[in-house]
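Novice: Structure below; questions to follow.
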Amino acid sequence: MADKLITVFGGSGFIGSHLVRHLAAQGWRVRIAVRDIRKALFLKPAGDLGQISLIPVSITDPAGVAAAVQGADAVVNLVGVLYESKKRTFEALHEKGAENVARAAMAAGVRRLVHVSALGANANSPSAYARSKAAGERAVAVAFPSATIMRPSVVFGAEDGFFNRFGAVAQKMPVLPYFTDAIPHTPGGGGASFQPVYASDVATAIAAAVNDPHHLGKTYELVGPRVYDMRAILDIVNRETMRRRPIIGLPYLAADIPARLFNVLRTLVEKIPPVSLGAPFLTPDQVVQLRLGNVATGVLPGLEAFGIAPTAAEVVVPTYLKRFRPIQQTKRLRLQPRNG
């Protein structure tokens, strides 16, 4: 497979870094297409000399995208954003950018295209993010009908922005809040439900789709083996960070109002370059997504179609949430006598 070349758009991201290492181990020559190649340099040692190359490109630039896929046997598009900022809008990246990649891949004679969307992609969703993901899927299907569509749930792993975010909250805040439409501590009062999937499982599935023509033209929902409500997720965070934070259920209004106020403020501040407020903790659209939850429909095939047994969060999360433990607890565990 050493003569096979694959272009990975967004290869320096969370899922991308797992995928690049996985493909390199399989013998692929990997071309990482990213806006800023400096942020992808850490992946160069993931392969042998010359096996991994970097090319600067934005998927909003059709000419740059066309150059990035030339000579490639396969293409993977991982580019996505969780919130909009200036020109990096859902429409520009999730829809138009995805279409640029699919059109360029078809024109270049690429044999396999894997487009990574998101669980919950729906043209009728109240979430702009979910609608844009659905629009991207439609655009890809038209431009490259044999493309494989992947819809991962919330992805967890050592560098994730999910469990790590709550771990940081547990470290700094006296309580762990979550949001619910029902009365907390009653049946159904644990907040929205999620089915987090391990990053390595997602990367393995993408690589399998690239290698096996059986997956051409199909859509998959990539989820973990368990469904958790938000309270259960925070229970895991509390346990693995060795914190005893009270877990408090709040109405969604408590998230929506601050998110809207910050969004207005961020819009005003961004008109004064180069001032920036940084990434928001929650946007109004993310509050909508949070309320919807993120669980597989069960209608589409999942990781089992690739022969993958989904990894439970409890297996992996303890290995990296320990960084948020109190110093004295970490020291105590290190000094405990070992059996035998």
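Novice: Among Asp235, Asp201, which is assigned to a helix (DSSP H, G or I) and surrounded by fewer than 18 Cβ atoms within 10 Å (Cβ to Cβ)?
Specialist: From the options Asp235, Asp201, the qualifying one is Asp235.
Novice: What are the pairs with Cβ atoms under 8 angstrom where one residue, in region 55-69, is without any contact (Cβ under 8 Å) to a residue 60 or more places away in the chain and the other, located anywhere, is among the basic types (Lys, Arg)? Sequence gap at least six, or different chains.
Specialist: Hits for this filter: Ile55/Arg31; Pro56/Arg35; Val57/Arg35; Ser58/Arg35; Thr60/Lys87; Thr60/Lys96; Pro62/Arg103.
Novice: If Ala98 meets every condition in (1) surrounded by fewer than 17 Cβ atoms within 10 Å (Cβ to Cβ); (2) of a type outside the set (Asp, Glu); (3) part of a helix (DSSP H, G or I) apart from one, which number is that one?
Specialist: Ala98 satisfies all of (1) surrounded by fewer than 17 Cβ atoms within 10 Å (Cβ to Cβ); (2) of a type outside the set (Asp, Glu); (3) part of a helix (DSSP H, G or I) except (1).
Novice: Quick one: in region 262-279, of everything that is hydrophobic (A, V, I, L, M, F, W, C) and out of contact with any helix residue (DSSP H, G or I) (no Cβ under 8 Å at 6 or more places or on another chain), which residue is surrounded by the most Cβ atoms within 10 Å (Cβ to Cβ)?
Specialist: The extreme case among them is Phe262.
Novice: What do you reckon, is Thr7 under 30 Å from Pro284 (Cα atoms), modelled with pLDDT of 95 or more and buried (at least 16 other Cβ atoms within 10 Å of the Cβ)?
Specialist: no
Novice: Here's another thing I want to ask about it. Could you list, in sequence order, the residues of region 127-154 that are in contact with a strand residue (DSSP E or B) (Cβ under 6 Å, 6 or more places away or on another chain) and either within 19 Å of Leu234 (Cβ to Cβ) or not acidic (Asp, Glu) (or both)?
Specialist: Answer for region 127-154, where residues must be in contact with a strand residue (DSSP E or B) (Cβ under 6 Å, 6 or more places away or on another chain) and either within 19 Å of Leu234 (Cβ to Cβ) or not acidic (Asp, Glu) (or both): Val140, Phe144, Ala147, Thr148, Ile149, Met150, Arg151, Pro152, Ser153, Val154.
Novice: If the Cβ limit is 9 Å and pairs must be 6+ apart or interchain, which residue in region 308-319 that is touching a residue at least 12 places away in the same chain (Cβ under 8 Å) and under 15 Å from Asn238 (Cα atoms) pairs with which residue that is part of a loop (DSSP other than H, G, I, E, B) and among the basic types (Lys, Arg)?
Specialist: Taking only residues 6 or more apart or on different chains, the pairs are Ala313/Arg226; Glu314/Arg226.
Novice: Taking the condition touching a strand residue (DSSP E or B) at 6+ places or on another chain (Cβ under 9 Å) and either in a helix (DSSP H, G or I) or not basic (Lys, Arg) (or both), does Ile206 pass?
Specialist: Judged against the criteria, Ile206 is a match.
Conditions (1) more than 28 Å from Val315 (Cβ to Cβ); (2) among the basic types (Lys, Arg); (3) in a loop (DSSP other than H, G, I, E, B), marked per residue:
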residue	(1), (2), (3)
Ala135	yes, no, no
Met150	no, no, no
Ala158	no, no, yes
Ile183	yes, no, yes
Gly189	no, no, yes
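Novice: Looking only at region 4-32, count every residue that is in contact (Cβ under 8 Å) with a residue 12 or more places away in the chain and either part of a helix (DSSP H, G or I) or touching a Pro at 6+ places or on another chain (Cβ under 8 Å) (or both) and tell me the total.
Specialist: 12
Novice: Another question, then. Tell me whether region 160-180 contains one or more residues that are hydrophobic (A, V, I, L, M, F, W, C), over 21 Å from the mean Cα position of the chain (by Cα) and part of a helix (DSSP H, G or I).
Specialist: Yes, some residue in region 160-180 is hydrophobic (A, V, I, L, M, F, W, C), over 21 Å from the mean Cα position of the chain (by Cα) and part of a helix (DSSP H, G or I).
Novice: Is it the case that region 40-56 has a residue that's within 24 Å of Phe281 (Cβ to Cβ), assigned to a helix (DSSP H, G or I) and aromatic (Phe, Trp, Tyr)?
Specialist: no
Listed here are the residues, each with its yes/no results for (1) surrounded by fewer than 23 Cβ atoms within 10 Å (Cβ to Cβ); (2) under 22 Å from the mean Cα position of the chain (by Cα).
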position: Ile59; (1), (2): no, yes
position: Val65; (1), (2): no, yes
position: Glu84; (1), (2): yes, yes
position: Thr89; (1), (2): yes, yes
position: Ala107; (1), (2): yes, no
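Novice: Identify the residue in region 239-261 that is in a helix (DSSP H, G or I) and buried (at least 17 other Cβ atoms within 10 Å of the Cβ) and, among all such residues, is modelled with the lowest pLDDT.
Specialist: If we take residues in region 239-261 being in a helix (DSSP H, G or I) and buried (at least 17 other Cβ atoms within 10 Å of the Cβ), then Ala259 is modelled with the lowest pLDDT.
Novice: For the subset of region 125-175 comprising residues that are of a type in the set (Phe, Trp, Tyr) and over 18 Å from Val75 (Cα atoms), which member is surrounded by the fewest Cβ atoms within 10 Å (Cβ to Cβ)?
Specialist: Step by step, filter region 125-175, then rank; the result is Phe162.
Novice: While we're on this one: Please verify whether Leu282 is crowded, with 17+ Cβ neighbours inside 10 Å, in a loop (DSSP other than H, G, I, E, B), modelled with pLDDT under 90 and among the hydrophobic types (A, V, I, L, M, F, W, C), treating the condition exactly as stated.
Specialist: Taking the combined requirement at face value, the residue satisfies it.
Novice: Return yes or no: is Arg21 surrounded by fewer than 21 Cβ atoms within 10 Å (Cβ to Cβ) and at pLDDT 95 or above?
Specialist: When the stated conditions are applied, Arg21 passes them.
The values are calculated or read from the model by the stated rules, or taken from the named source; none is laboratory data. Predicted model, so just to flag it, every value in this text is computed and none were measured. Neighbour counts run over all protein chains shown; Cβ positions are idealised from the backbone, glycine included.
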